[in-house]
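**Q** This is the structure I have questions about; it appears just below.
The values are calculated or read from the model by the stated rules, or taken from the named source; none is laboratory data. All values derive from a computational prediction rather than experimental measurement. No Cβ is skipped: glycine too gets one built from the backbone with ideal geometry, and neighbour counts run over all protein chains shown.
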Amino acid sequence: MAKRTILTAGEPILRKKAKKVTSFSPVLEGLIVDMLDSMHEVDGLGLAAPQIGVLLRAIVIEMPAEFDEEGHQVTPEELYVYCNPEIIETYGEEEHEEACLSVPGYAGTITRAAQVTVKGQDAKGRRIRTKAEGLLARAFQHEIDHLNGTLFIDLVDSPEKLRHVERGSEDETLPT
């Protein structure tokens with residue numbers, strides 16, 4: 001489909017609560033393809049529809065494949081497409097650094113649940129559920145925050161935990 005512009009902090013739509021997806025049509029499927037194309041263009045890990053100016057409760061997350069020391073793939077790349085996602089269970093807490101495609105040039109350390117269970121619907125409207133931990137759990141929480149008008153910088157509890165990063169630098173965090 002098409003790469004769309006990713007909105008950045010300061011755009012009012014990023015602070016609004018997204019509306020429930022009620023129509024599971026080819027239009028929605030096209031939006032999801034646009035979201036993936038837009039996310040891939042900037043090497044992101046996840047994207048929420050409001051980040052491309054669409055006030056709908058839809059997110060995409062693409063977890064990269066993992067490899068061992070010898071270069072053998074140990075986990076495949078996994079794609080998660082969720083409409084109307086809800087976190088229904090959380091467990092534990094972890095503090096990690098995050099970045100965001102809508103807040104370019106910054107990373108911050110925030111606390112999130114260590115594990116989450118998310119329910120929602122796929123692009124066809126079928127009910128789905130995922131139990132996630134680690135990076136995937138953080139990505140789900142980050143993208144669902146976007147659907148509620150929250151940016152990761154809102155969750156940084158002190159200025160010392162927010163830092164400027166150069167795009168492509170060695171210490172850059174995966175943006176979602």
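**Q** Which residue is modelled with the highest pLDDT, if the candidates are limited to region 74-89 and must be among the charged types (D, E, K, R) and in contact with an Asp or Glu (Cβ under 8 Å, 6 or more places away or on another chain)? I'd like the intermediate steps shown before the answer.
**A** As a first pass, look at region 74-89 and keep what is among the charged types (D, E, K, R): 77-78, 86, 89.
Now restrict to residues that are in contact with an Asp or Glu (Cβ under 8 Å, 6 or more places away or on another chain): 77-78.
Working: Glu77: 87, Glu78: 94.
Result: Glu78.
**Q** Can you pull out every residue in region 125-146 that is in contact (Cβ under 8 Å) with a residue 12 or more places away in the chain and more than 16 Å from the chain's Cα centre (by Cα)?
**A** Hits for region 125-146 are Gly125, Ile128, Arg129.
**Q** Please find, within region 3-59, the residue that is nearest to the chain's Cα centre (by Cα) out of those that are basic (Lys, Arg) and more than 20 Å from Ala99 (Cβ to Cβ). Working first, answer last.
**A** First, the residues of region 3-59 that are basic (Lys, Arg): 3-4, 15-17, 19-20, 57.
Within this subset, residues satisfying the condition of being more than 20 Å from Ala99 (Cβ to Cβ) are 16-17, 19-20, 57.
Values: Lys16: 16, Lys17: 15, Lys19: 17, Lys20: 17, Arg57: 12 Å.
Result: Arg57.
**Q** If you go through region 133-172 one residue at a time, how many are in a loop (DSSP other than H, G, I, E, B), of a type outside the set (S, T, N, Q), at pLDDT below 95 and more than 13 Å from Glu95 (Cα to Cα)?
**A** Residues of region 133-172 that are in a loop (DSSP other than H, G, I, E, B), as a first pass: 148-151, 156-158, 165-172.
Retained after the next criterion (residues that are of a type outside the set (S, T, N, Q)): 149, 151, 156-157, 165-168, 170-172.
Of the ones still in play, those that are also at pLDDT below 95 are 156-157, 165-168, 170-172.
Next, only the ones that are more than 13 Å from Glu95 (Cα to Cα) stay: 165-168, 170-172.
The total comes to 7.
**Q** Can you name the number of the only condition in (1) in contact (Cβ under 8 Å) with a residue 40 or more places away in the chain; (2) in contact with a helix residue (DSSP H, G or I) (Cβ under 9 Å, 6 or more places away or on another chain); (3) closer than 22 Å to Ala65 by Cβ that Gly149 fails?
**A** Only one criterion is unmet by Gly149, namely (3).
**Q** Return yes or no: is Ala132 under 21 Å from Ser158 (Cβ atoms), surrounded by 13 or more Cβ atoms within 10 Å (Cβ to Cβ) and of a type outside the set (D, E, K, R)? Break it down stepwise before answering.
**A** On the way: under 21 Å from Ser158 (Cβ atoms): no; surrounded by 13 or more Cβ atoms within 10 Å (Cβ to Cβ): yes; of a type outside the set (D, E, K, R): yes.
No.
**Q** If Leu79 passes every condition in (1) under 30 Å from Ser23 (Cβ atoms); (2) surrounded by 13 or more Cβ atoms within 10 Å (Cβ to Cβ); (3) under 16 Å from the mean Cα position of the chain (by Cα) but one, which one does it miss?
**A** The one condition Leu79 does not meet is (2).
**Q** Inspect region 88-98 for any residue being on the phi > 0 side of the Ramachandran plot and part of a loop (DSSP other than H, G, I, E, B) and give the result as yes or no. Write out each step before concluding.
**A** Within region 88-98, the first condition is being on the phi > 0 side of the Ramachandran plot, and the residues that meet it are 92.
With the extra rule that they be part of a loop (DSSP other than H, G, I, E, B), the set shrinks to 92.
Within region 88-98, one or more residues are on the phi > 0 side of the Ramachandran plot and part of a loop (DSSP other than H, G, I, E, B).
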